[in-house]
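The next block holds one structure in the form of structure tokens; read it before the comments.
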Amino acid sequence: MSIVDITSAGNGSLDRTNKLLAGIQGGAWKAAYNALRRAGDTAKTRAGQFAAAEYNKGTFMRNVTEKTSISGGSGGVAAMRISFAGRGLPLLEFRTNFSRDGRVQTQVKRDSGPSLLDHAFVARIYGQSAVFERLGASRFPVEQKFGPSTGHMMQNERVVEQMEQTIQETFDSRMEHEITRILAGIGG
């Protein structure tokens with residue numbers, strides 16, 4: 001499982017928010033909460049695009065399980081946790097085929113070249129095709145080969161950096177909207 005914790009988005013804009021909404025009880029916390037929730041939703045939506053830059057987007061989106069929890073109180077800091085979980089993905093869900101000499105070759109990440117698996121073969125078991133590899137010189141034992149899970153895909157440094165940048169930008173733009181909305185609701 002991969003977890004993205006968001007607690008420091010918009011530190012500079014929180015002081016401004018506190019000053020503007022000082023006369024409204026709970027107004028600053030409500031604005032921060034709503035802006036943080038929207039920033040998290042945007043990051044979750046764009047996570048597939050970020051992972052697609054490194055991996056296959058369809059594989060990621062079909063197998064992602066995500067949960068969001070927002071915590072905090074009127075005296076505390078609003079914090080968000082986005083967790084990505086999923087099972088290890090069979091190697092055939094990535095770019096896997098046979099080389100000219102009959103060996104299995106696979107490419108999991110877009111920026112790396114294909115890797116050759118020396119003792120691997122593709123077999124159909126229980127109606128499903130999968131890549132297996134012999135563990136020794138004899139026929140048995142064999143093990144099924146898997147690529148990364150969706151949680152592992154989200155631990156990629158580039159993907160995390162892009163998510164953090166998206167969260168920061170969305171939080172800052174939404175904070176202005178939330179301040180205006182709260183002030184207009186109190187004034188009208």
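Of the accessible area of the range 101-188, computed with a 1.4 Å probe over protein heavy atoms only, carbon and sulfur atoms account for 50 percent.
Take the Cα of D101, step 7 Å toward its Cβ, do the same at E164, and the gap between the two points is 4.3 nm. At an R0 of 41 angstrom, the distance between the Cβ atoms of I24 and R46 translates into a FRET efficiency of 0.80.
Accessible surface calculations at 1.4 Å, restricted to protein heavy atoms, place the range 121-163 at 66 Å² per residue.
Between S83 and R37, what length comes free when the chain is fully extended (0.36 nm per residue of separation minus the Cα-Cα distance, one decimal in nm)? Don't skip to the end; give the middle numbers.
On the way: separation 46, 0.36 × 46 = 16.56 nm, distance 1.41 nm.
Value of the extension gain: 15.1 nm.
Other residues lying with their Cβ under 13 Å from the Cβ of I179 contribute a combined charge of +1, Lys and Arg counting +1, Asp and Glu -1.
Working from label points 7 Å from Cα in the Cα-to-Cβ sense, the R134 to D118 distance is 1.2 nm. Remark: accessible surface ordering of I24, I82 (largest first) is I24, I82, probe radius 1.4 Å.
The values are calculated or read from the model by the stated rules, or taken from the named source; none is laboratory data. Treat the numbers as computed from the prediction; the structure is a model and nothing was measured. A quick note on method: Cβ atoms are made from the backbone with ideal geometry, for glycine too, and the neighbour counts reach across all protein chains shown. What goes into the accessible areas is simple: the full protein's heavy atoms, side chains included, and nothing from ligands, DNA or RNA. Shrake-Rupley method; radii C 1.70, N 1.55, O 1.52, S 1.80 Å.
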